[in-house]
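J.: Shown below is the structure under consideration.
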Amino acid sequence: MPVGPFGIDPTIWAPLRLVIAVLLGVALVFNGALAQIYLERKIQAIIQDRLGPIHTGPWGLLQTFADAIKLLGKEDIRARLTDKWFFLAAPSIVFSPMLASYVVIPFAPDIVGADLSVGLLYLTTLGSMTVLGIVIAGWASNNKYSLIGGLRSAGQLISYEVPQILSLVTVVLVVGTLSMVGIAESQPGWQMNFLILPLAFVTYFIAGLAETNRNPFDLPEAESELVAGFLTEYSGMRWAIFFLAEYGEVTVVSAIVTTLWFGAWHGPFVEVFPLLGVLWFTLKTYFFVLVFMWIRATLPRLRIDQLMSLCWKVLIPLTLANLTITAVLLLAFPTTVVPVAIANWILLALFVLALPYFQRRRLVALRERLRTAAA
Amino acid sequence: MAVPLGAFIAVSAVLFFIGTAGVLVRRNAVVILMSVELMLNATNLALVAFSRRFASIDERGSVFVVFIFVVAAAEVAVGLAIILSAYRNRPTVDVDEIRQMKG
Amino acid sequence: MDIFGAAFFALLTIGTIGAGVGVVLANRITTSALLMAFTFLNVAGMFVLLGAETVAMFQVLIYVGAITVLILYGVMFTPQSPRPYGLFFQTQKYWAALFVVPIAIFVAVVAFEFRDSAAAGGSGGDLVPLATSIFGDFAFPFEVASVLLLAAMVGAIVLVKRDEE
């Protein structure tokens, strides 16, 4: 390419692009965390019919800064630990893969840190590395509750990787490339992948909720269970790093959803002003972040055995069936994706309609069992 | 000066023998399992190095590596299951003490 | 710019061999497990240096993401009382050294016979050829591998189940 994008010489543009993408990533993480903490409290408050933070600054906007100052000033409590180095390293092991994920996220046409040909595989790999940090955090706290919380969380995370990866593979089958930029470019204008693969979107969203330890799957870190699980012994800034990692991971999952199913940067006027793609991408990503928070404020928490049986008995067969049907239909009709779309919408409708049916059957069986036990 | 292929093979060989020494020398069964994983990694490194050197002819080394990943994962799972059931009998994983089948 | 490749390789070599030695010689098992994870990461780095990015991603995904967690579970469920026990088999360590060290030196020296640069052929990464090989020429071993994984999973669950009598 003799002339790079925006008319800049390509040899300057390559490292400049990397710097811009890294800065965008860091900005999204830190400002995003600030924004998300405030948004979470406000949105939960509004849904729960109360006010949320209103004193610090207009509409409570400075609340997060006040929280950050408080956390920085907290005493760094360290009980008698099994291993100081593991205890100190665990927050970093959880935080670094999340930060490294921002390299492949396509913010706009040609604003991406590195266009890896295996971008999606890179993101799933980084998602699986956070499990190690959580196990180490749980173990290094020298506290039985932390250990159990850490191992439970690790079990949940590795179980939900399977439906997550299967949903992503379904999209890759239809699109034909693992590269994030390629996937974003394959959805011009209004032809978003959501219209073709809605069931994969739903299963990936549920698995993503579980992967980021968000409600209704936040048993390992819930405040009322197991004394906050593997985070018990972490105070002050170390706890804040875990939470930065969680909000950053939520943003990454939302960014993946936006790229794969909703046409990353596509929107009105983006061909004329390529930089406008950043705006559309951020808006779409934050829409999904808000959906995460909405779900958190609405649904009750699942127990660990309910959570695991949801993964292994419902999500994995569903994603496997989705993948098989998509693959078979793509082989049978290689030129068009309409049969795949029809099959997916039918499967999604069946899934949504089957839920109350199965719940009613389980409720009846449970009542029978209780009645015979009481008699 | 690009890195010569022999350097990769030498690293793979040294790692393999470190793993062998670990298997021969340590008493804890889980550490022996970890050393076996080191040996498998060394093999993977050698295979991928040769495969990429001759990639214009054949890419089969990398295919073999993927199958080694599968077998290693299965082996760790079953090995740990065996260690855990042996631990239930007598609370030890010291291979010097688990010798009921000896002699 | 090739000095970066050589420097990176030197760094990865030190990481790999150092962490490998640490796995064998470390006093505590959890240190061994984490150094093993570090070895896996360094080997993945070497795969990237060779141009095999897909294999590197699989390495991190499977080894660091899953096998390390499995081994940590195994370590945590088999706690030993912290008595001072020797690292080595009592009589076997000298025989092991005698066996391992000369052969290692011999193989490492012979390895330098390969003087051509690595990654000389095939510059485009290995995703497409790898995928076409696995699902084309090697479809049958792929299916057998899936049966193997199923058998391993069922076997592991059966072995660890407590007898609820």
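The values are calculated or read from the model by the stated rules, or taken from the named source; none is laboratory data. No experiment lies behind these values; they were computed from the predicted model shown. We place every Cβ from the backbone using ideal geometry, glycine too, and count neighbours over all the protein chains shown.
J.: Output the helices (runs of 4 or more DSSP H) that fall wholly within the stretch B:1-96 and possess 1 or more residues being at the interface with another protein chain (Cβ under 7 Å from one of its Cβ atoms) and among the acidic types (D, E), or say none.
T.: In the stretch B:1-96, B:29-53 are the helices (runs of 4 or more DSSP H) which contain 1 or more residues that are at the interface with another protein chain (Cβ under 7 Å from one of its Cβ atoms) and among the acidic types (D, E).
J.: Answer yes or no: is there a residue in the stretch C:134-153 that is within 7 Å of chain B (Cβ to nearest Cβ), at pLDDT below 85, out of contact with any Lys or Arg (no Cβ under 7 Å at 6 or more places or on another chain) and in a helix (DSSP H, G or I).
T.: no
J.: Which one of these is touching a strand residue (DSSP E or B) at 6+ places or on another chain (Cβ under 6 Å) and modelled with pLDDT under 90: B:R60, B:R27, B:R53?
T.: None of the other options fit; the residue is B:R27.
J.: Could you please let me know if B:E59 is surrounded by fewer than 21 Cβ atoms within 10 Å (Cβ to Cβ) and either among the acidic types (D, E) or in contact with a Gly (Cβ under 7 Å, 6 or more places away or on another chain) (or both)?
T.: It is false that B:E59 is surrounded by fewer than 21 Cβ atoms within 10 Å (Cβ to Cβ) and either among the acidic types (D, E) or in contact with a Gly (Cβ under 7 Å, 6 or more places away or on another chain) (or both).
J.: When you look at A:F87, is it away from chain C (no Cβ under 11 Å), part of a helix (DSSP H, G or I) and modelled with pLDDT under 80, yes or no?
T.: Spelling it out, it is not the case that A:F87 is away from chain C (no Cβ under 11 Å), part of a helix (DSSP H, G or I) and modelled with pLDDT under 80.
J.: Next question. Which count do you get for residues in the stretch C:27-44 that are more than 8 Å from every other protein chain (Cβ to nearest Cβ) and closer than 18 Å to B:V14 by Cβ?
T.: Number of matching residues: 5.
J.: Sticking with this one: Quick check: anything in the stretch A:211-224 surrounded by 18 or more Cβ atoms within 10 Å (Cβ to Cβ), at pLDDT below 75 and of a type in the set (A, V, I, L, M, F, W, C)?
T.: yes
J.: Would you call A:V104 closer than 17 Å to A:I20 by Cβ and of a type in the set (A, V, I, L, M, F, W, C)?
T.: Judged against the criteria, A:V104 is a match.
J.: Also: Report every pair of residues separated by at least 6 positions or lying on different chains whose Cβ atoms are under 8 Å apart, first residue within the stretch C:49-71 and farther than 21 Å from C:I29 by Cβ, second surrounded by 22 or more Cβ atoms within 10 Å (Cβ to Cβ) and of a type in the set (D, E).
T.: Pairs that qualify, where the first residue is farther than 21 Å from C:I29 by Cβ and the partner is surrounded by 22 or more Cβ atoms within 10 Å (Cβ to Cβ) and of a type in the set (D, E), are C:G51/C:D126; C:A52/C:D126; C:E53/C:D126; C:T54/C:D126; C:V55/C:D126.
J.: Go through the stretch C:1-29 and give me each residue that's polar (S, T, N, Q) and touching a helix residue (DSSP H, G or I) at 6+ places or on another chain (Cβ under 7 Å).
T.: C:T13, C:T16
J.: If you scan the stretch C:45-57, which residues turn out to be surrounded by 24 or more Cβ atoms within 10 Å (Cβ to Cβ) and within 11 Å of chain A (Cβ to nearest Cβ)?
T.: C:A52, C:V55, C:A56, C:M57
J.: Restricted to the stretch B:40-52, and to residues that are buried (at least 22 other Cβ atoms within 10 Å of the Cβ) and over 15 Å from the mean Cα position of the chain (by Cα), which residue is farthest from B:E97 (Cα to Cα)?
T.: B:R52
J.: Quick one: would you say A:A240 is over 21 Å from A:V169 (Cβ atoms), crowded, with 18+ Cβ neighbours inside 10 Å, more than 16 Å from the chain's Cα centre (by Cα) and modelled with pLDDT of 75 or more?
T.: yes
J.: Working carefully through the options A:I316, A:I346, A:I304, A:I342, find the one that is within 21 Å of the chain's Cα centre (by Cα) and under 18 Å from A:L199 (Cβ atoms).
T.: Just one listed residue meets the conditions, A:I316.
J.: Could you check B:A77 against (1) touching a helix residue (DSSP H, G or I) at 6+ places or on another chain (Cβ under 7 Å); (2) modelled with pLDDT under 90 and say which number it fails?
T.: So B:A77 meets the others, but not (2).
J.: Taking the condition modelled with pLDDT of 90 or more, farther than 18 Å from B:M39 by Cα and out of contact with any Pro (no Cβ under 8 Å at 6 or more places or on another chain), does B:I98 pass?
T.: no
Listed here are the residues, each with its yes/no results for (1) farther than 22 Å from B:L47 by Cβ; (2) at pLDDT 90 or above; (3) within 13 Å of the chain's Cα centre (by Cα).
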| site | (1), (2), (3) |
| --- | --- |
| C:D2 | yes, no, no |
| C:R28 | yes, no, no |
| C:L41 | no, yes, yes |
| C:L49 | no, no, no |
| C:E53 | no, no, no |
| C:I62 | no, yes, yes |
| C:L70 | yes, yes, no |
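J.: Return the pair list, or none, for Cβ contacts closer than 7 Å from residues in the stretch A:315-339 that are over 17 Å from A:V169 (Cα atoms) to residues that are buried (at least 20 other Cβ atoms within 10 Å of the Cβ), at least 6 apart or on different chains.
T.: So the pair list comes out as A:P339/A:L329.
J.: State whether one or more residues within the stretch A:262-272 are assigned to a helix (DSSP H, G or I) and not aliphatic (A, V, I, L, M).
T.: no
J.: Identify the residue in the stretch B:15-39 that is surrounded by fewer than 20 Cβ atoms within 10 Å (Cβ to Cβ) and out of contact with any Gly (no Cβ under 8 Å at 6 or more places or on another chain) and, among all such residues, is farthest from C:F58 (Cα to Cα).
T.: Among them, the one singled out is B:L24.
J.: Surrounded by 14 or more Cβ atoms within 10 Å (Cβ to Cβ) and either among the acidic types (D, E) or in contact with a Lys or Arg (Cβ under 6 Å, 6 or more places away or on another chain) (or both): which single residue out of A:I316, A:I325, A:I304 fits that description?
T.: Only one candidate passes the filter, namely A:I304.
J.: Restricting attention to the stretch C:72-90, report how many residues are modelled with pLDDT of 85 or more and more than 10 Å from chain A (Cβ to nearest Cβ).
T.: Number of matching residues: 1.
J.: What tally of residues in the stretch A:158-194 results from selecting those that are free of Cβ contacts under 8 Å to residues at least 24 places away in the same chain and in contact with a Phe, Trp or Tyr (Cβ under 6 Å, 6 or more places away or on another chain)?
T.: The qualifying residues number 0.
Conditions tested, residue by residue: (1) in a helix (DSSP H, G or I); (2) farther than 23 Å from A:L276 by Cα.
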position: A:L18; (1), (2): yes, no
position: A:L24; (1), (2): yes, no
position: A:I69; (1), (2): yes, yes
position: A:P91; (1), (2): yes, yes
position: A:G113; (1), (2): no, no
